[in-house]
């Protein structure tokens, strides 16, 4: 494992990107930061700028307006960057797969490392996904 | 002094939804605001027309995660309005319980976020910790923390088990002392008074002119609440107060929301204690041709749905108007003349919900350009000209 990736896994900083979601996944993500779930004990922190991020948390069904902005943002993330798709919309577009404004699923646009299914996934599921992400790239908690 | 334009968004840490603001400032003072949306548009109205009446409930639930009861509630009321039918009293009570639970969690969510924007992260953590208890109650009642899927045209999908009711009542009682403490912490704090009082004032007349809805208008003294004005569900069965304040500033909007949470707890407890027996589903077989409207008071204001049926099993047309659509233009009244540092909390004060609002997006073939009203009128006129020429008209 590269030194960069190893250092990143100690405390992955997360940037949250909503690409036309219904707020549910976003709120459950914010919920992870609050006292009951407290994801900060894994060193995870929500950051305000994409330039500080190690992990990109994508929710929503990637509508036409967002796709271009998402590509631009993905270019700005310092690499290596891990991508997590939160919710059914980001995973497979779910109920919106027939919509005229949601043309392609997320993994056709940017590479995705971990999918967290659910509509919305519970905070417990999001934490489990975060643990899986760290294990997948070879780190330990 | 020259004017500067500050762009905010579309991806910014302020709110979790993408939207794009341009603030025109002169020095520290905001003189104008413009916004561009479309980052959340998913074509829900069209999707709803492709699904059956019953399946559409799930689609409208995904309009917004925080209002995941309000939209199905308004939609089912619109379908029930197409033809004369009676929803059983038990179903009405269950609907009211779910709607009020959602109102409490939505108001607490707003309070937490408002605290976060002001730099009061303690309020954020306390409010969201308290919110978890309400989400637990909702999970016991419906099986999910959010997106409850309890509604269907003609009734509700699931019954409330009688053995769950005491557990829920106990949980609801347990949050009241903490909520009282939170209310005192927010309403008696001298720093918050200094920070919020007199900021972003919307007068009574402006609230009327902009047709503001929900807590945004009630903070300005407009006594307007669908639950009182045109009662639905079980709201006329019990005593509760409409919270109206006079000043119209951000502080009053917070007061309205906090006090409304207490009223919601009152309604919730009454409904759980007096849940009548009976069927929960009227079992609608088919929907005759016709049109219906349904409006209910969502946490943010009046949600309005229009459904047109042609006698088949799908809606011919489904129109949604969310409360934020009416509340967004009030920025023009509230933000002008304030400083940039207050802009954040003023933008947050109407409890905006952009994914509710974005029902229309106009684009060219490449999916890039967004037309405004003027362009649309221009396009329309050009088309008329073209048709005139083609038909060899004058």
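Read-outs: derived from the displayed coordinates by stated rules, not from any lab. For clarity, every value in this text was computed on a predicted model and none was experimentally measured. Every residue, glycine as well, gets a Cβ built from its backbone with ideal geometry; the counts of neighbours run over all protein chains shown.
Can you tell me the relative contact order of chain B? Whole percent, Cα pairs under 8 Å, sequence separation 6 or more.
That works out to 24 percent.
If the elastic network links every pair of Cα atoms under 10 Å, which of A:85, A:125, A:53 fluctuates the most in the Gaussian network model of chain A?
A:125
Using a simple spin-label model with points 7 Å from Cα along the Cα→Cβ vector, what separation in nm is obtained for residue B:286 and residue A:125?
Result: 3.7 nm between the two label points.
Restricting the count to DSSP beta bridges whose residues both fall in the protein assembly as shown, what percent are antiparallel, rounded to a multiple of 5?
65
Starting from 0.36 nm per residue, how many nanometres of slack lie between residue B:209 and residue B:188 once their C-alpha separation is accounted for?
4.4 nm is the gain from fully extending residue B:209 to residue B:188.
Suppose a student asked you for the relative contact order of the stretch A:11-136, using Cα pairs under 8 Å spaced at least 6 residues apart; what percent would you report?
With pairs under 8 Å counted, the relative contact order is 28 percent.
Compute the distance from the alpha-carbon center of the stretch A:1-80 to that of the stretch A:97-141, in whole Å.
Spelled out, the Cα-based centre of one part sits 11 Å from the other.
What does the stretch A:11-136 give for Rg and for Dmax, in Å, if only its C-alpha atoms count?
Computed over the Cα atoms of the stretch A:11-136, radius of gyration and Dmax are 13.5, 41 Å.
Ignoring everything except DSSP H segments at least 4 long, calculate the 222 nm mean residue ellipticity for the protein assembly as shown; use -39,500 (n - 2.57) per segment, divide by total residues, nearest 500.
-14000 deg cm²/dmol, from helical runs alone.
In nm, to one decimal, how far is the modelled label at residue B:181 from the one at residue B:26, with both set 7 Å along Cα→Cβ?
Result: 4.8 nm between the two label points.
Tell me the label-point distance for the pair residue B:381, residue B:228, using the 7 Å Cα-to-Cβ offset, in nm and rounded to one decimal.
Computed distance between label sites residue B:381 and residue B:228 equals 4.6 nm.
Rounded to the nearest Å, what's the spacing between the alpha carbon centres of the stretch B:145-207 and the stretch B:294-324? Just the number, please.
24
Counting other beta carbons within 10 Å of each Cβ, put B:312, A:19 in order, fewest first.
B:312, A:19
From the Cα gyration tensor of the stretch B:169-266, with a ≥ b ≥ c the square roots of its eigenvalues, which class applies: rounded if a/c is under 1.5, or else prolate if a/b is larger than b/c, or else oblate?
Verdict is oblate for the stretch B:169-266.
Can you tell me the convex hull volume per residue for the protein assembly as shown, based on C-alpha atoms, in Å³ to the nearest whole number?
178
Work out the FRET efficiency for residue A:5 and residue B:36 from their Cβ-Cβ distance, taking R0 = 51 Å, and round it to the nearest 0.05.
0.85
Counting other beta carbons within 10 Å of each residue's own, what order do B:191, A:83 fall into, fewest first?
Starting with the residue having the fewest Cβ neighbours, the order is B:191, A:83.
Report the Rg/Rh value for the stretch B:44-321, based on alpha-carbon coordinates and the Kirkwood definition of Rh.
Rounded to two decimals, Rg/Rh equals 0.98.
So, R0 is 22 Å and r is the distance between the beta-carbons of residue B:171 and residue B:273; what FRET efficiency does that work out to, to 0.05?
Efficiency computed from Cβ-Cβ geometry: 0.95.
Give the angle, between 0 and 90 degrees and rounded to the nearest 10, that separates the Cα long axis of helix A:64-76 from the longest principal axis of the Cα atoms of chain A.
With both axes taken from Cα atoms, the answer is about 20 degrees.
Among A:61, A:11, A:99, which one shows the highest mean-square fluctuation when chain A is modelled as a Gaussian network with alpha-carbon springs under 10 Å?
Largest GNM mean-square fluctuation: A:99.
Given bins 10 angstrom wide, list per bin the percent of all Cα-Cα distances in the stretch B:85-188, short to long.
All Cα pairs considered, the percentages come to 14, 42, 27, 14, 3, 0.
Is the shape of the stretch B:269-339 rounded, prolate or oblate, going by the alpha carbon gyration tensor and its root eigenvalues a ≥ b ≥ c, with a/c under 1.5 for rounded and a/b larger than b/c for prolate?
oblate
What is the calculated FRET efficiency for residue B:341 to residue B:242, with r their C-beta to C-beta distance and R₀ = 30 Å, to the nearest 0.05?
For R0 = 30 Å, the calculated efficiency reads 0.35.
Using a Gaussian network model of chain B with C-alpha springs under 10 Å, which one of B:84, B:177, B:323 is most mobile by mean-square fluctuation?
Judging by the Gaussian network model, the answer is B:84.
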